[in-house]
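Inspection log for the structure reproduced underneath, given as structure tokens.
Read-outs throughout are calculated quantities, based only on the coordinates presented, and are distinct from any laboratory measurement. These figures come from a predicted structure and were not determined experimentally. With ideal geometry, Cβ positions are generated from the backbone for all residues, glycine too; neighbour counts draw on all protein chains shown.
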Amino acid sequence: MTEAPHAHDPACPGCAAPDLAFSAHDHGPCATDTLARAEALLVARGLRLTPVRKRVLEILLEAHQALGAYDVLNRLAAEGFGNQPPVAYRALDFLTEHGLAHRIRRLNAFVACMHPGEVHAPVFLICRVCKTVAEAPGAAVGAALGSAAADMGFAVERATIEALGLCPACKVAA
């Protein structure tokens, strides 16, 4: 797997506290900072965060949980943005394509990227009870996968690592 090193920005809230998703915290600063970073990134690329795209990103930033396209669509429809599936899917595709959201294949859902503008290949830690998703650093896992693949003469072009388990709170409650 040929991934560039994590282009780390010291101001990145996801890097400063990667386990924050599993902790009780005021989510406002996470959302506000990540949204501002996303908007600046798109402006720098000459792209627009349309009202629908911005609202979808805001919805994804409300919690560290994955949301399905129809969950997003229902929220958009309730807020007057339309109730046709392409409305949600186009916005989610745009956000994913530009590194502002990730698709969690196991859940067929999406989460906001907590590292907008950074080159990274995260590992997603998914709590099977509360459905919280944490975006953990994945460089070591990616390197191990790339090495194992290379030993077999295989070139990894894309990999998404999703681990299912229990977050600290649900582990204590179990």
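When Ala44 is tested against (1) hydrophobic (A, V, I, L, M, F, W, C); (2) surrounded by fewer than 17 Cβ atoms within 10 Å (Cβ to Cβ); (3) touching a residue at least 40 places away in the same chain (Cβ under 8 Å), just one condition goes unmet, and that condition is (3). Within the option set Arg103, Arg48, Arg75, being touching a helix residue (DSSP H, G or I) at 6+ places or on another chain (Cβ under 8 Å), part of a loop (DSSP other than H, G, I, E, B) and not hydrophobic (A, V, I, L, M, F, W, C) holds for one residue only, Arg48.
For the range 142-174, the set of residues classified as more than 20 Å from Gly99 (Cα to Cα) and surrounded by 14 or more Cβ atoms within 10 Å (Cβ to Cβ) consists of Leu145, Gly146, Ala149, Leu166, Cys167, Ala169, Cys170, listed by residue number.
The set of residues in the range 108-154 being assigned to a loop (DSSP other than H, G, I, E, B), touching a helix residue (DSSP H, G or I) at 6+ places or on another chain (Cβ under 7 Å) and at negative phi consists of Met114, His115, Pro116, Ala121, Val129, Cys130, Pro137.
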